[in-house]
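Comments concern the structure below.
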Amino acid sequence: MNPDALRGHMDALLLSVLEREPLHGYAIIEALQERSGGALSVPTGTVYPALRKLERAGLLSSEWATVSGRRRRTYRLTDSGSKQLQGERSAWQEFATVIGGVLRPEVRPSG
């Protein structure tokens, strides 16, 4: 998938992945890849700054945890993050409906 297509949607993708459970950064990248059927391969240089931005905005919280014997920062969705995700989903549905309406092939009358 073209990385430019993700521009403006990364926050919603990260919030959505963290809705299920708290995850550390690499697990978030793996979840994005898995949930997209392998179509999304997001570099760490994109994910980690976005996570820090979401945390500063109060949409995520983080804490250090030991995962598989390694110390990692684990991120979780806050109540504000859940509300933001609901808004992102509504906006995405509206966007997809509008764009789908424009891109749908026109049926021309025969004759």
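No lab work stands behind these numbers, since they all come straight from the coordinates. The structure displayed is predicted, hence computed values, not measured ones. No Cβ is skipped: glycine too gets one built from the backbone with ideal geometry, and neighbour counts run over all protein chains shown.
Structure above, values below:
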{"quantity": "Calculated from backbone phi, Karplus (6.51, -1.76, 1.60) coupling profile of segment 10-24 in Hz, x at Gly/Pro", "calculated": "4, 4, 4, 5, 5, 4, 5, 5, 7, 5, 5, 6, x, 9, 8"}
{"quantity": "Segment residue 103-residue 63, length gained on full extension (0.36 nm per residue, minus Cα span)", "calculated": "10.0 nm"}
{"quantity": "Two-decimal ratio, segment 3-94, of alpha-carbon radius of gyration to 2.2 N^0.38 Å", "calculated": "1.04"}
{"quantity": "Per-residue HN-Hα couplings for segment 28-36 [Karplus 6.51, -1.76, 1.60; θ = phi - 60°; Hz; x = Gly/Pro]", "calculated": "5, 4, 5, 5, 4, 5, 5, 5, 9"}
{"quantity": "Residue 23 long-range amide H proximity, modeled H, under 5 Å", "calculated": "75"}
{"quantity": "Cβ-defined net charge surrounding residue 55, 12 Å radius [Lys, Arg +1; Asp, Glu -1]", "calculated": "+3"}
